[in-house]
Amino acid sequence: MNIDLTGKTALVTGSTSGIGLAAAEGLARAGADVVLNGRDEQRTANAVKNLTEKTGSTKVRGIAADVGTAEGAAKLIEALPDVDVLVNNAGIFEAVPVFDIPDEEWQRYFDVNVLSGIRLARHYTPRMVGRGWGRVIFVSSESAVQTPTEMVHYGMTKTAQLAVSRGMAQEVAGTGVTVNSVLPGPTLTPGVQDFIAGLYDEDVPFEEAERRFMAEGRPTSLLKRLIRPVEIANLITYVASEFSSATTGGALRVDGGVATAIIP
Ligand SMILES: NC(=O)c1ccc[n+]([C@@H]2O[C@H](COP(=O)([O-])OP(=O)(O)OC[C@H]3O[C@@H](n4cnc5c(N)ncnc54)[C@H](OP(=O)(O)O)[C@@H]3O)[C@@H](O)[C@H]2O)c1
């Protein structure tokens, strides 16, 4: 299967690091014109430079904008009126006991993790329909189907993304545009690496910390290790491609089997 996205423009939100950056790399290697995004001008410019050097692609650019705000979404849309592939990846997470989460935090999680993707999809998807082809991908989480007790607000947003993407897929039925959610499991991004390293003594090598974290903290994982960002990116790149044409309205797991239900 040779995935060729030459001539397609792909926007990946939240792509200065982690899963978003890996997805952008996968799309760039498949030939797409890739637009990176983060909140900070300098971090976004650095990511563009690094990805350009790494892939040899001359078609990587960046737009710094906070997609958690209406102003940020408008800035992004003004700079980039059309895309063929939209990856709504930007997301935040933090452990907070559920009864300690104030109104503003519930709202902020909804704005950054859910409304960001809604705003962009609301603009870009009808235009994809007009051209008869497009891919909208919401990066959700296994937390969508197994609410994490330590971050219920995060779980709420990840479940909401499934409903939004399913509903949008229904709206564009039969148009050549597909809308799906991808559900990663625990993945070795820089933030997760720091989090796990912080759980154990300094002299514990990271490989041992990873093994212990998976055994103690994620015992249902069938993979028994953290997923690498490229492994998530591989599914995103496939879903973005021509080859996924019969997959829409779906919630697609790439979670190492950590969610115990057979279907999400
Ligand atoms: N890592 C995991 O184990 C895991 C598991 C399941 C699902 N996920 C999901 O995967 C997605 C990416 O997670 P990750 O672990 O790769 O995160 P990460 O390493 O923390 O990266 C988050 C990215 O989002 C950007 N970002 C954050 N808020 C933004 C905003 N308001 N506007 C624009 N960009 C913003 C950050 O860029 P700047 O800091 O430069 O702004 C960064 O590039 C999230 O939706 C997350 O829920 C992650």
Once you place label points 7 Å from the Cα toward the Cβ at VAL96 and ALA163, how far apart are they in nm?
2.1
Compute the relative contact order of the stretch 165-264 as a whole-number percentage, counting only Cα pairs closer than 8 Å that sit 6 or more residues apart in sequence.
44
Amide H neighbours of ASP255 under 5 Å, counting only residues 5+ apart in sequence or on other chains, H built in-plane at 1.01 Å?
GLY185
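If each residue's Cβ is checked for other Cβ atoms within 10 Å, how do SER140, SER165, SER221 rank with the fewest at the top? Please list the in-between numbers first.
Values: SER140 31, SER165 27, SER221 20.
Neighbour counts put them in this order, fewest first: SER221, SER165, SER140.
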Residue-span extension gain [GLU105 to VAL204] - 0.36 nm each, minus C-alpha spacing:
32.2 nm
Relative contact order, percent, the chain [alpha-carbon distance under 8 Å, six or more residues apart]
20
Can you tell me how much longer the chain between ALA261 and ARG39 gets when fully stretched, taken as 0.36 nm per residue apart minus their C-alpha distance, in nm with one decimal?
76.4 nm
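Rounded to the nearest whole Å³, what is the per residue volume of the convex hull around the Cα atoms of the chain?
Details: hull volume 35.6 nm³, N = 264.
Cα-based convex hull of the chain, divided per residue, equals 135 Å³.
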Between MET1 and ALA215, with labels modelled 7 Å along Cα→Cβ, what's the label distance in nm to one decimal, could you check?
3.5
Show which lysines lie in cross-link reach of LYS8 when reach means a straight Cα distance below 16 angstrom and same-chain residues fewer than eight apart are skipped.
LYS59
Can you tell me the orientation of helix 18-29 relative to the chain, as the angle in degrees between its alpha-carbon axis and the longest Cα principal axis, to the nearest 10?
40
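Quick one: order TYR154, TYR238 by neighbouring beta-carbon count within 10 Å, fewest to most. Walk me through the numbers on the way to the answer.
Working: TYR154 23, TYR238 18.
The most exposed by this proxy come first: TYR238, TYR154.
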Neighbour counts of other C-beta atoms within 10 Å: give me THR189, THR9, THR260 arranged from fewest to most.
THR260, THR9, THR189
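Would you calculate a helix-derived [θ] at 222 nm for the chain, using -39,500 (n - 2.57) for each DSSP H run of n ≥ 4 and dividing by the full residue count, to the nearest 500? Spell out each step's value before the answer.
Numbers: 9 runs with 113 residues, N = 264.
Computed ellipticity for the chain at 222 nm equals -13500 deg cm²/dmol.
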From Cα pairs below 8 angstrom and at least 6 apart in sequence, can you work out the relative contact order of the stretch 1-61, rounded to a whole percent?
34
Return an integer: the convex hull volume of the alpha-carbon atoms of the stretch 160-206, in Å³ per residue.
91
C-alpha long axis of helix 229-240 to longest principal axis of the chain, angle in °
30
Helix 116-131 against the longest principal axis of the chain: what's the angle in degrees, Cα atoms only, rounded to the nearest 10?
30
If you wrap a convex hull around the C-alpha atoms of the stretch 123-250 and split its volume per residue, what is the figure in Å³?
120
With each label point set 7 Å from Cα along the Cα-Cβ vector, what nm distance links THR247 and ALA70?
3.6
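Each reported figure results from applying straightforward, stated rules to the coordinates on display, with no laboratory input. Please read these numbers as outputs of a predicted model, since none were measured by experiment. FYI the Cβ positions are ideal-geometry reconstructions off the backbone, even for glycines, and counts take in every protein chain you see.
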